[in-house]
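Participant: Mind having a look at this structure? Questions to follow.
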Amino acid sequence: MTIGEALRRAAEHLDERSETPRLDAELLLAHTLGRERIELYTDFDRPLTETELDGYRELIARRSRREPVAYILGEWGIRRLTLAVDRRALIPRPETEVVAERALARLAGIEAPRVLDVGTGSGALALSLVDEHPGARVLGIDVSAGALALARENAARTGLHVELREHDALAGLPEGPFDLVVSNPPYVEPNDLDTLMPDVRDFEPEVALVGSGITDAVARGALEVLRPDRWLVLEVGDGQAAETAALLDELGYTDVATTPDLTGRDRVVEGRRA
Ligand SMILES: C[S@@+](CC[C@H](N)C(=O)[O-])C[C@H]1O[C@@H](n2cnc3c(N)ncnc32)[C@H](O)[C@@H]1O
């Protein structure tokens, strides 16, 4: 079977089990062959060896059982970084790139800002901020020891320095003062867990998905630890932006604003401590 045929068959096989069957098929074949995805197209007619086919079939079988491609590959990109990912932490999402963008905009002009990342997970936000604002001194906290271990591996992998600490945001935030508090907290309500796609619900850690009152706790806690005039930047679930913006208004934040993700959904809410 050639590369072209294997891709076509794998994409057909995944059609009912993935929203992106062709992309998945390409990423998994490139991974099997240790090649870049683009290289598949220059080698379309090359026959695969039995060993290559066996390896590829195994990855396609995992994907057809709904395991996310990122976990199968063991790494995933966010902004300029490629991070290790596994079931200890959430896979970085495209909308979180917008959170990083808004956070960096709020840090512009501050030479050595102190930043708190609440619910750091794989370290996606904490590491992106240090990478793109090298003066930043970032503390990432998480309630999950597994996620923190992964974030430590990612700090070593990227050669970026962040401080990481096990800490429950519901018990208050670590002592400031900070120039920015950023968070992508778990924001799926417990009753909504069953509405998530199986790829997410059955593979990503529940503690990273489901949370009641964590956004609220971070918004209240940040008032205690932010320097005056400095910013809180929050990722919110689809449909939660208005409610979160109203919460920030009510708590006395000023200049409250929302930003859409690349699909036009409002997913980032920010406000300035008065
Ligand atoms: C949606 S994930 C975000 C991960 C990463 N920041 C990202 O954007 O990809 C939420 C993270 O918050 C952590 N978390 C959940 N409850 C928490 C709490 N009460 N205090 C601190 N972290 C918490 C989870 O373990 C998880 O790593």
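Participant: Going by the structure shown, is Ala25 free of Cβ contacts under 8 Å to residues at least 40 places away in the same chain, crowded, with 18+ Cβ neighbours inside 10 Å and not in a loop (DSSP other than H, G, I, E, B)?
Facilitator: yes
Participant: Could you count how many residues in the stretch 158-172 are of a type in the set (Asp, Glu), over 23 Å from Glu97 (Cα atoms) and more than 9 Å from the ligand (Cβ to nearest atom)?
Facilitator: Result for the stretch 158-172: 0.
Participant: Moving to a separate point now. Among residues belonging to the stretch 173-202 that are more than 26 Å from Ala136 (Cβ to Cβ), of a type outside the set (D, E, K, R) and within 14 Å of the ligand (Cβ to nearest atom), point out the one that is surrounded by the fewest Cβ atoms within 10 Å (Cβ to Cβ).
Facilitator: In this case the residue turns out to be Pro190.
Participant: When the residues of the stretch 217-238 are narrowed to those that are away from the ligand (no atom under 16 Å from the Cβ) and not charged (D, E, K, R), which ends up nearest to the chain's Cα centre (by Cα)?
Facilitator: Top of the filtered list is Trp231.
Participant: Counting only residues that are closer than 27 Å to Pro198 by Cα and away from the ligand (no atom under 13 Å from the Cβ), how many does the stretch 69-99 have?
Facilitator: Total meeting the criteria: 7.
Participant: Considering only residues of the stretch 118-158 that are touching a Pro at 6+ places or on another chain (Cβ under 7 Å) and hydrophobic (A, V, I, L, M, F, W, C), which is farthest from Asp168 (Cα to Cα)?
Facilitator: Only one residue tops the list, namely Ala136.
Participant: Name the residues in the stretch 100-123 that are among the aliphatic types (A, V, I, L, M) and within 7 Å of the ligand (Cβ to nearest atom), would you?
Facilitator: If the condition is that a residue be among the aliphatic types (A, V, I, L, M) and within 7 Å of the ligand (Cβ to nearest atom), then Val118 is the only one that fits.
Participant: Test of understanding: among Thr120, Thr158, which residue is touching a strand residue (DSSP E or B) at 6+ places or on another chain (Cβ under 7 Å) and more than 16 Å from Pro186 (Cβ to Cβ)?
Facilitator: So the residue among Thr120, Thr158 that is touching a strand residue (DSSP E or B) at 6+ places or on another chain (Cβ under 7 Å) and more than 16 Å from Pro186 (Cβ to Cβ) is Thr158.
Participant: Please note which helices (runs of 4 or more DSSP H) are completely contained in the stretch 204-274 and include at least 3 residues that are touching a Ser or Thr at 6+ places or on another chain (Cβ under 9 Å).
Facilitator: In the stretch 204-274, 214-225, 241-251 are the helices (runs of 4 or more DSSP H) which contain 3 or more residues that are touching a Ser or Thr at 6+ places or on another chain (Cβ under 9 Å).
Participant: Sort out which residues of the stretch 1-22 are basic (Lys, Arg), in contact (Cβ under 8 Å) with a residue 12 or more places away in the chain and under 12 Å from Ile60 (Cβ atoms), and write them in order of number.
Facilitator: Across the stretch 1-22, the qualifying residue is only Arg17.
Participant: If you don't mind, another one. Out of the stretch 103-141, which residues are among the acidic types (Asp, Glu) and touching a Lys or Arg at 6+ places or on another chain (Cβ under 8 Å)?
Facilitator: Asp131, Glu132
Bear in mind these aren't lab numbers, they're just calculated from the coordinates by the rules spelled out. Fair warning: this is a prediction, and the values are worked out from it, not measured in the lab. FYI the Cβ positions are ideal-geometry reconstructions off the backbone, even for glycines, and counts take in every protein chain you see.
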